[in-house]
Amino acid sequence: MINKVQILSVTPPSNLDSYIRIANLWPMLSIEEEKILTKRLRYNSDLDAAKTLILSHLRFVIHISRNYSGYGLLQADLIQEGNIGLMKAVRRFNPEIGVRLVSFAVHWIKSEIHEYVLRNWRIVKVATTKSQRKLFFNLRKTKKRLGWFNEEEIQIVARELGVSSRDVREMESRMSAQDITFNPLPEEDFDGRINNSMQYLQDKTSNFANGVEQDNWEEYAANKLSNALLRLDERSRHIIHARWLDKSKKNTLQNIANNYGISAERVRQLEKNAMKKLKIAIET
């Protein structure tokens, strides 16, 4: 696990320009150097290797953070959140998969920055569910092009983003709203005591980060599975879907065999070969 020493070493200082200049001076790793370091971290828990991997990728976090400059938040804060995502990626990266660390880390960096933007863009959260978070970021890009929406434009945006028109209207309303003080003036109870409404809010603690991380991972895994299925031939894809992905029912080997006019043993062989191909496709 990466401890606080590593976190402090990649936190942007007060002089952001100096931090960016130093980060860009850190040498980039070759494929072979990266492979050696990631294996040292994964198999030997080498923290020095983890630190080198993180420092050599800070420039990518800086580059990604610049895409979120339009939200009125300090770039140093965006970079710091992105660095947390980078450290999570370094900790989870599997060097045996055969991809570069930066390709794997982009997802985690953006995820942390997205959550920071949503937490701090408004005092009151504008997006809590996965679909709302997706709509929030895409709607800002769309509004630069369309301005205030009429009914036709709402339908276009809803169709482009795969959400309902009601979701578009609600998010547009949330984004245009202004924060106000929850309880500007205290009131007096009948017995003369000061009544502050905030005192009666229930404190519900929850591990929100784990939920977001789980949502992101499930979306990533679903995309990997969908792409892997596309590499199968039509019959193999149908067999896998019928045997494992059809939630309404699980088809038996014999039912599928009858459909294709082949033996149940042949269906079992096709299923086994298809599962092997899926595993290879998902791991690459």
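The values are calculated or read from the model by the stated rules, or taken from the named source; none is laboratory data. Model, not experiment: these values are computed from the prediction. Glycine also receives a Cβ, built like all others from the backbone with ideal geometry; neighbour counts cover every protein chain displayed. Accessible surface areas use protein heavy atoms only, side chains included; no ligands, DNA or RNA. Shrake-Rupley method; radii C 1.70, N 1.55, O 1.52, S 1.80 Å.
Could you list, in sequence order, all residues of the range 19-48 that are open to solvent by 30 Å² or more (accessible area, probe 1.4 Å), of a type in the set (S, T, Y) and outside any loop (DSSP other than H, G, I, E, B)?
Passing the criteria: only Y43.
Just give me the residues in the range 79-89 being open to solvent by less than 50 Å² (accessible area, probe 1.4 Å) and more than 15 Å from the chain's Cα centre (by Cα), in sequence order.
Kept after step one, since they are open to solvent by less than 50 Å² (accessible area, probe 1.4 Å), are these residues of the range 79-89: 79, 81-83, 85-89.
Listed by number, the list holds a single entry, I79.
When you look at R59, is it assigned by the TED database to the domain that holds N24 and closer than 18 Å to R40 by Cβ, yes or no?
Working: assigned by the TED database to the domain that holds N24: yes; closer than 18 Å to R40 by Cβ: no.
No.
Take E283 and tell me if it is closer than 30 Å to E96 by Cβ, surrounded by 15 or more Cβ atoms within 10 Å (Cβ to Cβ) and not β-branched (V, I, T). If you could, list the steps in order and put the result at the bottom.
Working: closer than 30 Å to E96 by Cβ: yes; surrounded by 15 or more Cβ atoms within 10 Å (Cβ to Cβ): no; not β-branched (V, I, T): yes.
For E283, the condition - closer than 30 Å to E96 by Cβ, surrounded by 15 or more Cβ atoms within 10 Å (Cβ to Cβ) and not β-branched (V, I, T) - is not met.
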